[in-house]
Amino acid sequence: MLDALRKGAGTWIAKLFIGLLIFSFAAWGVTDFLQGFGQNTAAKVGESEVSLYEFDRTYRQELNRIGQQIGRPLSPQEGAQLGLVQQALGQLVGEAAMNNASRELQLGVSDARLSSIIQSDPSFQGATGRYDRGRLQQLLQANGYREDEYVIQRRRIAERSQLSEGIAGGMVAPASYLEALNSYQRETRSIDYLLVTAEQIGEIADPADDVLASYYEDNKANFRAPEYREIKFVTLTPESLARPSDVTDEDARAEYERAKDDFFEPERRKVRQMSFSSKEDAEAAANELAGGKTFDELMADRNLVSNDVTLGVMAQADFLDEALGTAAFSLGAGETSGTVDGRFSTVILNVVEVLPEQTTPYEKVKDQIVTDLAREQAEREILDLLDEIEDARAGGALLDEIGDRFDQPVQAPEAFDSSGKSMSGTDVTLPEAEGLVSGVFDSDVGIENDVVQIADRGFLWYDVTKVIPSRDRDLSDVKRDVVSAWKAEELSNQMDEKAADLLKQAETGAPLLAIAATKNLEVQSAADLTRSGQNSIIGRDALTAVFNGPVGTTATTQTADSTGRIVLKVTGSNVPTFDPEAPETAAIEGQISQQLRDSLIGQYITEQENLAGVEINSAGIAQVMGLHQNPM
């Protein structure tokens with residue numbers, strides 16, 4: 001609502017100023033406050049000041065806006081981390097720069113004109129569609145504005161609008177630019193191409209030993225053993241603390257009685273429902289049923305299958321329409337109702353099966369109740385134990401001591417790398433604790449690490465016990481991987497060579513059809529290709545080549561999935577006729593024109609900031625936000 005309050009009287013230029021957000025502090029040449037500035041000033045551009053109150057209000061409104069988007073309130077500290085300080089201050093400093101320029105140019109707005117602007121604002125219209133002063137007062141109060149303050153701000157917006165209108169008000173995108181953009185965006189091309197695949201190359205034979213050894217030496221870094229680390233850890237979870245043996249049968253029975261409703265299942269029925277578009281159709285169907293036709297025969301007559309009519313197994317409370325629930329539960333198994341007037345249509349119901357109410361006996365749920373009670377008790381204990389273990393760790397206790405003292409096992413998984421893989425390449429079983437693996441590789445032997453949380457109520461303490469450095473492997477240890485890598489590279493090279501040979505022939509003027517005939521290939525075609533289009537074979541590199549020259553251009557690139565090569569020739573180009581009156585042209589013109597105006601005004605604001613100088617009261621802003629350091 002505040003955005004609506006601060007908009008001008010309908011001109012695009014007034015709306016622009018509400019949309020101006022971030023102007024880089026680096027571009028300002030910002031200095032901190034010097035002598036002579038008021039304690040209530042957040043920033044100053046020339047002779048125009050931004051008050052701390054205005055900054056605080058703008059910043060908190062931005063916090064509220066983002067908080068509504070993410071579904072929870074944001075603190076000022078969180079907003080500072082997201083850059084909202086710069087955003088709010090950037091908006092206000094940009095406006096102050098224009099206010100300063102307007103003052104120097106002696107721009108002004110008469111009281112009569114200002115009154116007309118305010119009274120014509122749609123935000124202040126009442127039920128009659130005319131200006132309502134009560135509505136104005138209501139909105140100002142809701143957004144924390146005094147009337148005199150709002151009038152001053154609206155006057156400044158109007159003055160800035162005059163200045164901006166003179167700078168860029170009449171600027172529109174040149175027709176030649178729009179025509180060039182239209183040609184670039186809407187041009188389509190067609191190509192013929194030859195496809196080189198791995199199947200055409202055939203099986204790549206294993207390399208000779210000396211070739212493999214040479215390849216390995218040149219690429220040894222690709223086959224190094226990664227760094228591995230060994231750890232030991234202790235976990236504290238409700239599952240590890242739970243003591244089901246401590247839960248007595250009396251306690252379990254008492255819990256069963258307390259939660260008995262959870263084990264009760266009301267009477268349910270498997271119901272089918274046939275809906276009708278009119279009451280007359282429903283009554284005709286009901287007459288057929290009364291004449292001896294079955295519900296299934298009625299379904300067949302209307303080409304209905306089971307999915308069309310089955311509601312499933314439902315309790316009476318499951319029916320959203322109370323009338324349907326009452327009707328269904330008045331029927332026995334195999335019975336069909338007459339017409340029932342439902343909330344949305346008239347229906348006929350058929351009960352396939354009746355499932356009586358039942359209560360799950362204690363003996364069937366005893367084990368689960370005992371487990372749940374033991375876990376609840378463990379959850380109550382876990383935070384106290386967390387504090388005790390943290391105190392013990394702070395006192396220098398080692399993990400083995402922690403395990404013994406608190407009766408928790410100390411676990412030591414096999415060594416793993418930074419991806420959680422063992423030396424044999426399998427996944428190492430580790431607790432699902434976020435940041436555990438990265439924390440292990442940021443730590444070192446002998447370092448006491450912070451506790452790591454597991455799920456919602458679990459905790460883990462770990463020590464790095466051994467670091468196994470990265471090392472070069474012997475060729476014999478990784479021969480299979482090296483052979484696979486060499487073959488993949490050899491296949492790629494051979495496809496490149498074949499594609500290059502085909503391209504060379506095409507560049508001499510040989511038709512692709514003739515080239516294909518000599519190489520037992522097939523000429524394929526693709527049409528209506530655009531610069532931004534997608535194709536399962538013609539990838540981004542190929543599209544770049546297609547539009548990189550005139551019709552007749554030849555090129556070779558990888559396929560979209562990089563598994564093959566394409567040798568292509570551009571066979572046609574089509575550029576739709578530019579229609580300056582077309583709706584899509586008008587839309588593009590509006591966007592481009594607005595971007596040009598925004599860019600020009602943005603440059604003007606930056607220049608005004610540089611000329612007048614921008615100074616920021618960093619300490620005052622930090623104090624307003626409740627921060628103890630400079631948020632910028």
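In summary, helices (runs of 4 or more DSSP H) completely within region 252-341 and bearing 3 or more residues that are surrounded by 19 or more Cβ atoms within 10 Å (Cβ to Cβ) occur at 279-290, 322-328. Reported count of residues in region 491-548, each being among the small types (Gly, Ala, Ser), surrounded by fewer than 19 Cβ atoms within 10 Å (Cβ to Cβ), under 43 Å from the mean Cα position of the chain (by Cα) and more than 30 Å from Asn182 (Cα to Cα), is 2.
Looking at this structure, is Ser277 more than 30 Å from Ile369 (Cα to Cα) and either free of Cβ contacts under 8 Å to residues at least 12 places away in the same chain or of a type in the set (S, T, N, Q) (or both)?
So Ser277 passes the test.
Would you check which residues across region 122-155 are of a type in the set (Phe, Trp, Tyr) and in contact with a Phe, Trp or Tyr (Cβ under 7 Å, 6 or more places away or on another chain) and list them? Answer for region 122-155, where residues must be of a type in the set (Phe, Trp, Tyr) and in contact with a Phe, Trp or Tyr (Cβ under 7 Å, 6 or more places away or on another chain): Phe124, Tyr131.
Out of curiosity, is Ser418 modelled with pLDDT of 90 or more, in contact with a helix residue (DSSP H, G or I) (Cβ under 8 Å, 6 or more places away or on another chain), among the hydroxyl-bearing types (Ser, Thr, Tyr) and part of a loop (DSSP other than H, G, I, E, B)? I'd like the intermediate steps shown before the answer.
On the way: modelled with pLDDT of 90 or more: yes; in contact with a helix residue (DSSP H, G or I) (Cβ under 8 Å, 6 or more places away or on another chain): yes; among the hydroxyl-bearing types (Ser, Thr, Tyr): yes; part of a loop (DSSP other than H, G, I, E, B): yes.
Against the criterion (modelled with pLDDT of 90 or more, in contact with a helix residue (DSSP H, G or I) (Cβ under 8 Å, 6 or more places away or on another chain), among the hydroxyl-bearing types (Ser, Thr, Tyr) and part of a loop (DSSP other than H, G, I, E, B)), Ser418 qualifies.
Filter region 426-455 for residues that are within 18 Å of Glu390 (Cα to Cα) and part of a loop (DSSP other than H, G, I, E, B) and give the result. Within region 426-455, Ala433, Gly446, Ile447, Glu448, Asn449, Asp450, Val451 qualify. Applying the condition of being hydroxyl-bearing (Ser, Thr, Tyr) and in a loop (DSSP other than H, G, I, E, B) to region 556-570 and asking which residue is nearest to Leu194 (Cα to Cα) yields Thr559.
I need a count of the residues in region 78-116 that are farther than 28 Å from Asn64 by Cα and open to solvent by 10 Å² or more (accessible area, probe 1.4 Å).
13
Against the conditions (1) touching a Phe, Trp or Tyr at 6+ places or on another chain (Cβ under 6 Å); (2) open to solvent by less than 30 Å² (accessible area, probe 1.4 Å), Gly46 satisfies every one except (1).
Output the residues belonging to region 467-486 that are part of a strand (DSSP E or B) and either loosely packed, with under 12 Cβ neighbours inside 10 Å or of a type in the set (Ser, Thr, Tyr) (or both).
The answer is Arg471, and nothing else.
Considering only region 117-148, state which residues are open to solvent by less than 30 Å² (accessible area, probe 1.4 Å), closer than 30 Å to Ala612 by Cβ and either in a helix (DSSP H, G or I) or among the small types (Gly, Ala, Ser) (or both). Once the filter is applied, which keeps residues that are open to solvent by less than 30 Å² (accessible area, probe 1.4 Å), closer than 30 Å to Ala612 by Cβ and either in a helix (DSSP H, G or I) or among the small types (Gly, Ala, Ser) (or both), region 117-148 yields Ile117, Ile118. A single entry from Glu239, Glu203, Glu187 fulfils the requirement of being under 30 Å from Gln505 (Cα atoms), at pLDDT below 95 and within 40 Å of the chain's Cα centre (by Cα): Glu187.
Once region 342-378 is narrowed to residues that are in a strand (DSSP E or B) and open to solvent by 70 Å² or more (accessible area, probe 1.4 Å), the residue that is modelled with the lowest pLDDT is Gln358.
The values are calculated or read from the model by the stated rules, or taken from the named source; none is laboratory data. Everything numeric in this text was worked out from a predicted model, so none of it was measured. We place every Cβ from the backbone using ideal geometry, glycine too, and count neighbours over all the protein chains shown. With ligands, DNA and RNA removed, areas are computed over all heavy atoms of the protein, side chains included. Shrake-Rupley method; radii C 1.70, N 1.55, O 1.52, S 1.80 Å.
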